[in-house]
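Read-outs throughout are calculated quantities, based only on the coordinates presented, and are distinct from any laboratory measurement. From a predicted model like this one, the values you see are computed outputs, not experimental measurements. Glycine also receives a Cβ, built like all others from the backbone with ideal geometry; neighbour counts cover every protein chain displayed.
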Amino acid sequence: MISLARVGKQYGRQVLFVDASFQLNPGEKVGLVGPNGAGKTTLFRMIVGEESADEGDVSVPKKTTIGYFRQDVEEMSGRSVLDEAIAGSGRLGVLHHQLEALQHDMTDPARANDMDRILARFGEVQEEYEHLGGYGLEAQAREVLHGLGFDDSRIDGDVGLLSGGWKMRVAMARVLLGSPDVLLMDEPTNHLDIESIVWLEAYLKSRPGALLMTSHDREFMNRVVTKIAEIDDGEITAYSGNYDFYERERAIREANREAAYARQQAMLAKEQRFIERFSAHAAKAAQVQSRVKALEKIEKIELPKRRKVVHFDFRQPPRSGDQVAVLTGVSKSYGHRVVHDGLTMTIRRGERWCVMGRNGAGKTTLLRMVAGVLKPDAGEVALGASLRMGYFAQQALDLLDPESTIEEQLQRDFPDESIGVLRNLAGAFQFSGDDIDKKIRALSGGEKTRLVIARMLLNPPNFLVLDEPTNHLDLFTKEMLIEALADYDGTMLFVSHDRAFLRALSNRVIELGGESGTEKEPHLYPGTYVEYVARTGREAPGVHS
């Protein structure tokens, strides 16, 4: 279907692809992986024709339709969410909006003299729309938007009033409703909650077209793709299997390559010793020359590149009292919408509560009340003795000094720590070498998240309140963070849509909105997220596995 043959591509001195080849076949679902800057987005852009290869060929059959979901979303306004979503559904979307315009013209007194032409045109458009199955389009659009977390009031509301994250969901709905032959998706789970992620998994698995996507969500990748394409060092290498299979297979290939490298180095050393020993012997001159020529022709095996791992011994927090936080009869409303009504719970030392609940159930509101950022309308939030709290939310990224470098920020935060300790901390969170001289204003969302969490964990508090701490983090950093927090000896209350994070760290679950997702009485599960899934038969409120 789509093929790259011996492609070369570079920007200035940065070489992305060298003689790279890859093929995406009809119906294949492929995960695209590689370090930041390897060329994943460039590959997408070459496929859709926004960029061209410097060398080689990128071949896309003429009649192949391509849908591309990307992170930079265009401006949306002047339509309802439903109409904006339908606008992406190819010819049907065009006809849908033509019908709307013609219906408007039919009720316009100023167009009375032109009514015959308008009615004739309406009949033509309506016939084509019906023939293409257009009258099922609105129902399909609502189904997709519901799956992505929209309720009916939002679906019929003004798209221009939505936040950037919700507009990303509308952009995704547009692409999905277009039903393209090939779907390109760049980090589709970034702005989704766990309910929408579970829905999207099922949708992508059931659609017949081809899929090429990047994702920092291991679970999502494992469940959706059946092939991995890795971009590394200018090449594209295919692995038949999901992400877990790719990791195992890559480790085996690396081990084999290291063994082959060691064997070749031993052989080369032996040949070099022979050449050096007998280079001055006339009787051995022919043999020496023969071996020199043979060595020149040998293709040298290179060691596989390994991602540099900096280990940091995270300190243990001071001990808190047995009762960390006690919520008694806590209520909170926003206008007429009641979010919490008489919530009572106790968080004890060493417990790790993950907070589950549908959109609007009050997950972030609960965390903000416990953190003291938001006051309840009624009831009390009492924090225990000897408590030091660390609160992470996306707003925490705004507290960094944009004009400072990473190193300057850490030195200002921790004036008593040595440069060595601070550089080790930065290295553990993937800031190495010249990275620590980067200005904070130049950092991506993921890099800022890494820096904020690094600052929090150098001298860790004994109570961590974390609201979506894995947003924008790559797989490697997520796994490092899970490893660090697995050894953490304090108490945690957190919201996350990353199931690897939920499985590894929770030992208690609070589900807001109850079994139906609409009850005011929360359900408290005295076990892990894994046990919660086993007991309820679902991975998220309202979404059955």
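What residue among L102, V170, Q140 has its Cα farthest toward the positive end of the dipole of region 77-175, where the charges are +1 on Lys, Arg and -1 on Asp, Glu, each on the Cβ?
Working it through, the farthest residue towards the positive pole turns out to be V170.
Could you give the distance between the Cα centres of region 146-211 and region 58-103, to the whole Å?
Cα centroid of region 146-211 versus Cα centroid of region 58-103: 13 Å apart.
Treating cross-link reach as a plain straight distance, find the lysines whose alpha-carbon is under 24 Å from the alpha-carbon of K284, omitting any fewer than eight places away in the same chain.
Within reach: K270, K293, K297.
Nearest-5 percent of antiparallel DSSP beta bridges in region 434-545?
Given both bridge residues lie in region 434-545, the antiparallel proportion sits at roughly 50 percent.
Give, to the nearest whole percent, the P(r) tail of region 255-297 beyond 13 angstrom, counting all Cα pairs.
When every Cα pair of region 255-297 is considered, 56 percent fall beyond 13 Å.
Please compute the length gained on full extension between L524 and Y334, using 0.36 nm multiplied by the number of residues separating them and subtracting their Cα-Cα distance.
Between L524 and Y334, full extension yields an extra 66.0 nm.
At q = 0.14 Å⁻¹, what log₁₀ I(q)/I(0) does region 1-120 have when each alpha carbon counts as one equal point scatterer in the Debye sum?
For region 1-120, the Cα-only Debye profile gives -0.77.
Can you sort I482, I298, I86, I231 by how many other beta carbons sit within 10 Å, fewest first?
Listing I482, I298, I86, I231 from fewest to most nearby Cβ atoms yields I298, I482, I231, I86.
Assign one of three labels to the chain, namely rounded, prolate or oblate, based on the Cα gyration tensor with a ≥ b ≥ c the square roots of its eigenvalues; rounded applies when a/c is under 1.5, prolate when it is not and a/b is larger than b/c, and oblate otherwise.
Because a/c hits 1.5 or more and a/b fails to exceed b/c, the chain counts as oblate.
For region 323-544, with the dipole built from +1 on Lys and Arg beta-carbon atoms and -1 on Asp and Glu ones, taken about the Cα centre, which of N471, H523, T346 lies farthest toward the positive end?
The listed residue farthest towards the positive side: H523.
Which residues make up the longest stretch of the chain that has no trypsin sites (Lys or Arg not before Pro) in a DSSP loop with at most 16 other Cβ atoms within 10 Å?
Longest site-free region, per DSSP loop and neighbour criteria: 64-299.
Might you report the magnitude of the Cβ-based charge dipole of the chain about its Cα centre, with Lys and Arg at +1 and Asp and Glu at -1, to the nearest 20 debye?
2180 debye
Would you kindly work out the equivalent ellipsoid of region 14-70 from its C-alpha gyration tensor and give its semi-axes, the square roots of five times the eigenvalues, largest first in whole Å?
Rounded to whole Å, the semi-axes are 19, 14, 12.
If you bin every alpha carbon distance in region 77-175 into 10 Å steps from zero, what whole percent lands in each bin?
Cα pair-distance distribution for region 77-175, in percent: 16, 41, 29, 13, 1.
Just to confirm a number: summing +1 for Lys and Arg and -1 for Asp and Glu over residues other than K439 whose beta-carbon lies under 10 angstrom from that of K439, what do you get?
Around K439, the charge tally is -2.
With a cut-off of 8 Å between alpha carbons and a minimum separation of six or more residues, what is the relative contact order of region 77-227 in percent?
Worked out over region 77-227, it gives 30 percent.
Alpha carbon centre of region 10-30 versus region 309-370: separation in Å?
45 Å
What ranking do H336, H191 get, fewest neighbouring Cβ atoms within 10 angstrom at the top?
Fewest to most other Cβ atoms nearby, the residues stand as H336, H191.
More than 21 angstrom separation, counting every C-alpha pair in region 323-544; what % is that?
Roughly 57 percent, once rounded to a whole number.
Taking the Cα centre of the chain as the origin and placing charges on Cβ (Lys, Arg +1; Asp, Glu -1), which of I298, M480, V288 is farthest toward the positive end of the dipole?
About the Cα centre, the residue reaching furthest to the positive side is V288.
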